[in-house]
Amino acid sequence: DGTLIDDWSWLVTPDFVNVIVVDEAGMFPMFRQVKYAIDGTSLAPVGGYIEPGEDPLVAAKREVLEEIGYVADTWVALGEYACDANRGAGTAKLFLAINARHVAQPDSDDLEEQQLLHLTKAEVQQELLQGAFKVLPWSAAVAMALLYLDTTTA
């Protein structure tokens with residue numbers, strides 16, 4: 001009915017991209033990293049904030065090149081999802097990059113400790129089911145990418 005609640009918490013953060021990358025050999029580059037809200041380490045895809053006025057696909061391509069030095073010719077939009085339906089916290093824009101290839105050294109400004117891994121599809125599936133992707137948008141991106149790959153290339 002349009003009623004405003006004065007003390008309602010609303011978190012304003014930029015929208016962001018998460019990208020599941022599959023290289024030409026069928027491997028999935030993923031990070032094992034530490035994040036402030038996570039106990040221990042987590043597996044993580046490429047991701048980052050969308051700059052003001054930036055197209056989400058352009059942001060996804062930029063992040064993949066900056067973080068892991070890859071480019072891809074085939075891109076699939078996996079959807080846009082609110083992170084917290086009641087409090088904001090930005091919108092996740094999820095992508096899948098297929099047949100990616102390494103073209104440059106990473107040039108990331110991430111401050112967190114991280115290690116780049118190259119996992120098989122079976123390893124990614126197993127890690128997802130074991131809860132190794134400890135941030136909801138990361139788990140959603142991985143699940144959506146695996147579902148897409150299983151239903152379009154079977």
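Read-outs: derived from the displayed coordinates by stated rules, not from any lab. As the structure is a prediction and not an experimental result, all values here were calculated from the model. Quick reminder, even Gly has a Cβ in these numbers, built from the backbone with ideal geometry, and neighbours come from all protein chains shown.
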Legend entry - Of all DSSP beta bridges in the chain, antiparallel share, percent nearest 5: 75 percent
Legend entry - Global form of the range 10-73, assessed from the alpha-carbon gyration tensor, a/c cut-off 1.5: oblate
Legend entry - Cleavage-rule hits (chymotrypsin sites (Phe, Trp or Tyr not before Pro)) in the range 43-134: DSSP loop, at most 16 neighbouring Cβ within 10 angstrom: none
Inset, instruction - For every other residue with a beta carbon closer than 12 angstrom to the beta carbon of residue 132, add +1 if it is Lys or Arg and -1 if Asp or Glu, then tell me the sum. - result: 0
Inset, instruction - Would you give the gap between the C-alpha center of the range 37-104 and the C-alpha center of the range 116-135, rounded to a whole Å? - result: 17 Å
Inset, instruction - Obtain the nm distance between the two label points defined at residue 121 and residue 71 by a simple spin-label model: each point lies 7 Å from its Cα along the Cα-to-C-beta direction. - result: 2.6 nm
Legend entry - Acute angle (nearest 10 degrees) that the helix 56-68 long axis makes with the longest principal axis of the chain, alpha-carbon atoms: 50 degrees
Inset, instruction - Would you list the P(r) distribution for the range 1-117, with all Cα-Cα distances sorted into 5 Å bins from 0 and each bin expressed as a whole %? - result: 2, 11, 19, 21, 19, 13, 6, 4, 3, 2, 1
Legend entry - Helix-only CD estimate at 222 nm, as mean residue ellipticity for the chain, using -39500 (n - 2.57) per DSSP H run (n ≥ 4): -8000 deg cm²/dmol
